[in-house]
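Structure first, commentary second.
The values are calculated or read from the model by the stated rules, or taken from the named source; none is laboratory data. Keep in mind it's a predicted model, so treat the numbers as computed, not measured. Here the Cβ positions follow ideal geometry from the backbone for every residue, glycine too, while neighbour counts run over all protein chains shown. Side chains included, ligands, DNA and RNA excluded: accessible areas come from the protein's heavy atoms. Shrake-Rupley method; radii C 1.70, N 1.55, O 1.52, S 1.80 Å.
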Amino acid sequence: MANPQQTNRKKNSRPRFYKRKGFWLSLMLLAVIAGVSGWMVLDTYTREYRNWADSYNLERINDLEIPSLILDRNGKEIGRFFVQNRSVIPIDKVPNVFIDTLRAGEDARFLTHKGVDYIGILRAIKLNLQGNKQGASTITQQLARNAYNLKDEALKRGKNEVQRKIAEIFLAMRIEKRYTKSEILEFYLNRIYFGSGFYGIRSASLGYFGKEPADLTTAECASIVTLIKNPNALSPLNDPVKNRKGRNYVLQRMKEEGMITASEFARLKKLPLGLNPKPLQRGTTHLYERVADAVGAALGEDALESGGFTIHTTILAEAQEAAEKELAKSLARAEAHAGYRAPKYEDYRKNSGKPPEYLQGAVLMIDHETGEVLAHVGGRDYRQAPYDFIEMGKRPLGTAFFPFLYAAGLERGLTPATVLEDEPMDNRSVMVGGREGILGEWGMEVPAPVYDKKITARRALECSKIAATVRFSDLTGLKLVAETACKFGLPFQKTELLPRMAVGFDEVSLKQAVRAMAVFPMGGRLAAPNLAYVDRIENAAGRVVYRRTHEALEQTPIIDEATAWQIHSMLAGSLYRGSSKGALDGLLEKPFNGAGKGGTTPDFRDTWFIGYNKRITCGVWTGFLSANGEPIYQGAFSRDLAMPVWQAVMNAATPSFGRGTIPPATNVVEIPVCSVSGQRATQFCQQYVEDPATGVVRSVPTVVTEYFRKGTETLPFCGIHSGSDSGDNITHNTTLLSLPSTTAVPIRPKGSALLGDDPYHAELPGYAATTEQPGFAHHRTNVLDSLDLGDVEESIPLRHPKRLQIMDE
């Protein structure tokens, strides 16, 4: 019989279940099955997110922004908008201290992980469970999120934050396999937003501390790194207290990671922020700023942030390019002049901290019917001086103000034939450029101006005569001059009614001057009230999201159309024989049916040229932005500085905007007048001129055809050449008008009144001031018409008389 104890011993000798081979084999099998099943489930679940991550082209990881294209009116690209204030630099320009600071603040294990920090994830979970919000995104994950805009993409896909994070992890791992750690850092630091409009490490370094990244201190690096978590809220420009707190936290993390010592931490956390903002200027121009403003007004201030727009502007690329190029050349020529004493463009250093004081300039060209801007150059160099003279600047017009002054006089009833005294004037009557001496004649823009004693208003404006113009303003009245200037849109509402107004002492903007000058080719009407830079805007899909509406022009003239035509004809005369003579030589449009006027100030600190044709008006200014200082140089005239720029820009616009004539006013009449007396011409209006080369004396007619507004053409006959008046009171001569009238037919002589030589010029050459019209004999005529000598040659060469010899008796 078996022993019970033996039986129990046998039972107890069986190995426990966890020591049996079958148990572990089963367990391993179950683990494998579970693992495979889990992997299959995980693979199935994550396949969507891996595909999502795989859909991105890693070659485009450094595409920092989708630009908006700027096109001219003909579809030619003239620029691009990169809205973000950014300057890309290589990683070797970033100091190691900044990289250490970045690792301490954002990703301590960056150099060792493969895109995902699993230890960091566990730590973040623990801290979040404790109520301390903590993220676990690595630098590579942040790069993936920003480079491919994963947050917006998740919203489009209808995914939550956890699902987006999964795709982010897979994308980060792809990036780590494709790029080195240095490349990832470079992509990241040039892309990340650091608040206050600064993108990238260099932009932030300059924007907050005014220095290059290589020069940043440890504390400054920490101030910038802390911005990554909440850029705008922690910006030292917005909240210095919060930024300092965040900076000190980053410094503490550096101490914990062994990057700085405890004593260094204690010293650094006490330092002030030491801000010194010197932000980057965007790579832009004055024109781009105007276009950006127009886009903002049309679509909202932040519209350009999304990028991808195509902006069709009103700009004519050829005119814009010519304006920029020729203005730079003209200003450089002026600074090379022997008399130039002011600072020069080539010597300016932006880091000097001083505003530029070198010679500046601006150009504005508009289609005066539509208000469309064809060219806009607001200054010499936007990077050094973003101040836009067209938008914000005002300077004295100098002699470029004359057309508006003469328009006021013609509106009152004066005429282009009004005779003015052209004699020296005491400067005390005008008070420009000093209190003593004779008022200068800088308007003629010649080294040695001369006085002509008595001249017509036409000649005074054509030649830009100073003293004669001041006297014309006396006849007009300064109050009327100021009121008329206001009608032209010039800011003369509060100007002092002093004689200096007549010589262009008051300041106006280039925009105001161009719009005012456009009144003359437009027959007395004002140009479009608002300038237009943008015609239409298309989004990234090619859909038009904005189209400009054309404003209706004011049809009521501000001045009589006859006045506009008279001033136009006088300005045109200036191009042929006046102060702007030579302007036509450089123009491609021939014949040129427009006109223009140069302007120079008495101190030679500003020059202007404003001219037009049938469709466009262009203005050019050169000078200094400051009100006081040196002249450009003594004798710096508009014909030398501003006019060549105007010629180049007009030539560039000629193929598109040339041709066409400005029609004469319907209420003007043409009357032959004597250019000497300003009165109605007769057959006697001649003057003798000796040819200095041959000694031959020739008679030259002084008769010109002048335009009068109907009702102002009643003039006395010339009192100088008729012999009935000495000419001392030619402006009020009525002697010839009082002669009796007759209906007799004029008798035409058949031959010369004298036979043989005429040594004493007794024979009057024949010149009929008027031509016979059909039915002439049936109209009443002045008796002087009976002296009609129209069939005789107009010019008769006369020899000097022989030398008189007195013989001794």
How big is D for segment 364-404, in µm² s⁻¹ as a whole number, if Stokes-Einstein is applied with the Kirkwood radius of its Cα pairs at 4 °C and 1.567 mPa s? 106 µm²/s
Interchain or long-range residues, amide H under 5 Å from Y546's placed H: I537
Alpha-carbon Rg with Dmax, taken over segment 231-284, Å: 14.0, 46
Using θ = phi - 60° and the Karplus form 6.51 cos²θ - 1.76 cosθ + 1.60, what ³J(HN,Hα) does each residue of segment 107-114 get, whole Hz, x for Gly and Pro? 7, 5, 9, 4, 6, 10, 7, 10
Got a number for carbon plus sulfur as a percent of segment 443-538's accessible area, 1.4 Å probe? 54 percent
Using a simple spin-label model with points 7 Å from Cα along the Cα→Cβ vector, what separation in nm is obtained for K354 and M28? 8.6 nm
For K454, list the lysines whose Cα falls under 16 Å from its own Cα; do not include residues on the same chain fewer than 8 positions away. K465
Lysines within cross-link reach of K114: Cα-Cα under 17 Å, excluding same-chain residues under 8 positions apart? K165, K177, K181
With a 1.4 Å probe and all protein chains left in place, how much accessible area per residue does segment 354-492 have, in Å²? 34 Å²
Return the subset of K151/K245; K487/K511; K245/K269; K211/K255 for which the Cα-Cα distance in this structure is over 19 Å, preserving the input order. K151/K245; K211/K255
Per the 1.4 Å probe, what fraction of the accessible area of segment 647-728, in percent, lies on carbon and sulfur atoms? 52 percent
Subtract the Cα-Cα distance of S306 and N539 from 0.36 nm times their separation in residues, and report this length gain in nm to one decimal. 82.9 nm
Under the 7 Å Cα-to-Cβ spin-label approximation, R333 and M431 lie apart by a distance in nanometres of 3.8 nm
Extension gain V696-L122, at 0.36 nm per residue separation less the Cα-Cα distance, in nm? 195.5 nm
How many nm separate the modelled label positions at N276 and E264, each set 7 Å beyond the Cα in the direction of the Cβ? 2.2 nm
Magnitude of the Cβ-charge dipole (Lys and Arg +1, Asp and Glu -1) of segment 373-457 about the Cα centre, nearest 20 debye, reported as 240 debye
So what J values fall out for segment 700-709 if you push phi through Karplus, 6.51 cos²θ - 1.76 cosθ + 1.60 with θ = phi - 60°, rounded to Hz, Gly and Pro as x? 10, x, 9, 8, 10, 8, 10, 9, 10, 5
Which of the listed residues, P240, L206, A323, is farthest toward the dipole's positive end in segment 164-323, when Lys, Arg count +1 and Asp, Glu count -1 at the beta-carbon? P240
Solvent exposure of segment 62-152 as accessible area per residue, Å², 1.4 Å probe: 52 Å²
Using alpha carbon centers only, segment 380-443 is separated from segment 251-308 by a whole-angstrom value of 47 Å
Vicinal HN-Hα couplings computed from phi for segment 367-384 (Karplus, 6.51 cos²θ - 1.76 cosθ + 1.60; Hz; Gly/Pro x): 7, 6, 7, 10, x, 6, 8, 9, 8, 9, 10, x, x, 7, 8, 4, 5, 8
Give the ranking of K126, K177 by solvent-accessible surface, highest area first, calculated with a 1.4 Å probe. K177, K126
Within 15 Å, Cβ to Cβ, of A104, how many net charges do the neighbouring residues add up to if Lys/Arg are +1 and Asp/Glu are -1? 0
Please give the contour-minus-distance gain from N230 to V669: 0.36 nm per residue of separation, less the Cα-Cα distance, rounded to one decimal in nm. 150.5 nm
Distance between segment 649-697 and segment 570-643 - C-alpha centres, whole angstrom: 20 Å
Quote the accessible area belonging to D560 in square angstrom, nearest 10, computed with a 1.4 Å probe and with ligands, DNA and RNA left uncounted. 50 Å²
Just check segment 634-707 against the gyration tensor rule for me: Cα atoms, a ≥ b ≥ c as the square roots of the eigenvalues, rounded for a/c under 1.5, and otherwise prolate or oblate depending on whether a/b exceeds b/c. oblate
Residues with amide H under 5 Å from that of R80, placed H, sequence gap 5 or more: I70
For segment 67-160, give the percent of accessible area contributed by carbon and sulfur heavy atoms, probe 1.4 Å, rounded to a whole number. 51 percent
Amide H neighbours of E372 under 5 Å, counting only residues 5+ apart in sequence or on other chains, H built in-plane at 1.01 Å? D367, A532
Per residue, how large is the accessible surface of segment 573-632? Use a 1.4 angstrom probe and give square angstrom. 33 Å²
Taking the Cα centre of segment 244-359 as origin, sum charge times position over the Cβ atoms of Lys and Arg (+1) and Asp and Glu (-1), and report the length of that vector in debye to the nearest 20. 1020 debye
Which aspartates and glutamates does K278 reach when only Cα atoms under 17 Å apart count, and residues fewer than 8 places away in its own chain are ignored? E212, D215, E220
